[in-house]
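All remarks here apply to the structure that follows.
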Amino acid sequence: MNVIYPLAVPKGRRLCCEVCEAPAERVCAACTVTYYCGVVHQKADWDSIHEKICQLLIPLRTCMPFYNSEEERQHGLQQLQQRQKYLIEFCYTVAQKYLFEGKHEDAVPAALHSLRFRVTLYGLSSVELVPAYLLLAEASLGLGRIVQAEEYLFQAQWAVLKSTDCSNATHSLLHRNLGLLYIAKKNYEEARYHLANDIYFASCAFGTEDIRTSGGYFHLANIFYDLKKLDLADTLYTKVSEIWHAYLNNHYQVLSQAHTQQMDLLGKLFENDTGLDEAQEAEAIRILTSILNIRESTSDKAPQKTIFVLKILVMLYYLMMNSSKAQEYGMRALSLAKEQQLDVHEQSTIQELLNLISTEDHPIT
Ligand SMILES: [Zn+2]
Ligand SMILES: [Zn+2]
């Protein structure tokens with residue numbers, strides 16, 4: 001963290017804390033354009049997002065330079081908007097990743113930034129604010145602040161209601177978060193209604209078998225699981241697993257074929273890729289490991305289901321270039337298959353998977 005200097009506030013200007021908007025007492029020494037009420041909020045912001053965007057904020061927060069022509073001015077304005085758009089998406093992804101990792105406290109400053117840049121660019125009543133409100137609602141839920149979560153969701157709902165061109169993707173996200181709110185309030189009836197809507201809108205936007213639709217199925221499955229409706233939960237967990245399997249297997253096949261063909265030509269490995277952003281990778285890990293935990297509790301009755309999820313995790317970590325994790329899950333699958341005396345074919349496919357990983361020299365992350 002950078003050295004911080006006490007802030008000399010210029011006369012007549014009231015500067016606000018980046019996190020809580022209280023009067024500022026300190027300034028970030030690295031960018032000198034970001035203010036804080038005290039060390040606590042400065043550190044929270046630094047750890048969440050500021051370290052990553054500190055230097056990017058300088059051109060946004062210093063005065064526009066003097067332009068010689070209207071053309072130059074327009075160009076400058078366009079650049080500024082592009083920077084803002086980049087930061088909106090960047091802060092959004094960072095906050096989303098924290099949420100999937102369960103780091104709700106860290107998600108808040110990043111989500112607030114995404115919201116503020118949206119307000120600057122689109123105005124206070126735009127439907128573009130909705131994704132940021134939803135992040136803040138989800139973080140609040142994670143922190144047990146249900147009233148605050150409801151406020152953010154109310155803002156989001158209001159913006160969606162007023163909008164004439166709200167996308168299906170945004171409708172889906174809104175319903176997903178309302179679903180999570182009602183799960184937190186143990187109102188499963190309402191939660192199911194919203195998750196069904198989430199799945200409907202996500203299916204319209206992306207298709208029924210898309211990874212972006214799978215989150216709705218997953219939360220719905222969790223409700224049935226909590227209600228001890230295990231058959232329904234089981235069917236939905238299987239669906240979620242199959243969606244992720246299809247997605248990752250597709251990438252995996254493309255990669256392993258390309259790999260064997262191009263290995264000799266290039267003489268070295270090229271980067272693996274899941275095709276997912278960091279937040280989606282974190283979501284995949286969260287969904288698949290929690291399904292794995294549930295599957296493992298019934299491993300003795302249905303070992304294939306556990307092995308199926310383990311194999312998906314192998315592919316995920318393989319594609320994320322984390323070969324030690326991939327190997328770990330692969331070994332677990334293999335020993336379970338042997339222990340349960342599954343057929344030879346099953347064992348050999350896992351072995352093949354393991355061979356492929358171990359012959360490669362991935363950096364262990
Ligand atoms: Zn503050
Ligand atoms: Zn800074």
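The values are calculated or read from the model by the stated rules, or taken from the named source; none is laboratory data. These numbers were taken from a predicted model, which means no experiment stands behind them. Positions of Cβ are backbone-derived with ideal geometry, glycine not excepted, and every protein chain shown enters the neighbour counts.
Take the conditions of a type in the set (A, V, I, L, M) and either over 18 Å from the mean Cα position of the chain (by Cα) or not assigned by TED's automatic domain parsing to the domain that holds residue 104 (or both) and apply them to residue 143. Does it pass? In short, no.
I'd like the full set of residues that are hydrophobic (A, V, I, L, M, F, W, C) and in contact with a Cys (Cβ under 8 Å, 6 or more places away or on another chain), limited to the stretch 160-191.
Going residue by residue through the stretch 160-191, those that are hydrophobic (A, V, I, L, M, F, W, C) are 160-161, 166, 169, 173-174, 178, 180-181, 183-184, 191.
Result: 160, single match.
Considering (1) surrounded by 20 or more Cβ atoms within 10 Å (Cβ to Cβ); (2) within 18 Å of residue 45 (Cα to Cα), the lone condition that residue 131 does not fulfil carries the number (2).
Among the residues making up the stretch 21-30, a single one is away from ligand 1 (no atom under 14 Å from the Cβ) and either surrounded by fewer than 18 Cβ atoms within 10 Å (Cβ to Cβ) or without any contact (Cβ under 8 Å) to a residue 12 or more places away in the chain (or both): 29.
Sort out which residues of the stretch 56-92 are of a type in the set (Ser, Thr, Tyr), surrounded by fewer than 15 Cβ atoms within 10 Å (Cβ to Cβ) and part of a helix (DSSP H, G or I), and write them in order of number.
Going through the stretch 56-92, the residues of a type in the set (Ser, Thr, Tyr) turn out to be 62, 67, 69, 86, 92.
Within this subset, residues satisfying the condition of being surrounded by fewer than 15 Cβ atoms within 10 Å (Cβ to Cβ) are 62, 67, 69, 86.
Across the stretch 56-92, the qualifying residue is only 86.
Pairing residues of the stretch 31-48 that are closer than 21 Å to residue 60 by Cα with residues that are of a type in the set (S, T, N, Q) and more than 10 Å from ligand 1 (Cβ to nearest atom), at Cβ distances under 7 Å and at least 6 apart in sequence or on separate chains, gives 31/55; 33/62. Set side by side, the residues 332, 295 differ, and just one is in contact with a Lys or Arg (Cβ under 7 Å, 6 or more places away or on another chain), more than 20 Å from residue 254 (Cα to Cα), of a type in the set (Lys, Arg) and without any contact (Cβ under 8 Å) to a residue 60 or more places away in the chain, which is 295.
Residue pairs, Cβ under 9 Å, 6 or more apart or interchain, first in the stretch 105-132 and at positive phi, second aliphatic (A, V, I, L, M). List them. Final answer for the pair search is 123/129.
Would you please name the residue that is modelled with the lowest pLDDT, looking only at residues in the stretch 49-75 that are more than 12 Å from ligand 2 (Cβ to nearest atom) and closer than 16 Å to residue 117 by Cα? It would help to see each step written out before you state the result.
Of all residues in the stretch 49-75, those more than 12 Å from ligand 2 (Cβ to nearest atom) come to 59, 62-75.
So of that shortlist, the ones also closer than 16 Å to residue 117 by Cα come out as 59, 62.
Values: 59: 85, 62: 81.
The selected residue is 62.
You will find that of 299, 290, the residue that is outside any helix (DSSP H, G or I), among the small types (Gly, Ala, Ser) and within 26 Å of residue 231 (Cα to Cα) is 299 and no other.
Among the residues of the stretch 302-314, is there at least one that is in contact with a helix residue (DSSP H, G or I) (Cβ under 9 Å, 6 or more places away or on another chain) and part of a loop (DSSP other than H, G, I, E, B)? For the stretch 302-314, residues in contact with a helix residue (DSSP H, G or I) (Cβ under 9 Å, 6 or more places away or on another chain) and part of a loop (DSSP other than H, G, I, E, B): present.
Scanning the stretch 107-118 for residues that are under 23 Å from residue 164 (Cβ atoms) and touching a Ser or Thr at 6+ places or on another chain (Cβ under 8 Å) yields a single hit, 118.
Screening the stretch 31-49 for residues that are assigned to a loop (DSSP other than H, G, I, E, B) and more than 9 Å from ligand 1 (Cβ to nearest atom) and picking the one that is nearest to residue 106 (Cα to Cα) gives 34.
Candidates in the stretch 256-274 are the residues that are surrounded by fewer than 18 Cβ atoms within 10 Å (Cβ to Cβ), touching a Leu at 6+ places or on another chain (Cβ under 8 Å) and at pLDDT 60 or above; of these, the one that is farthest from residue 90 (Cα to Cα) is 256.
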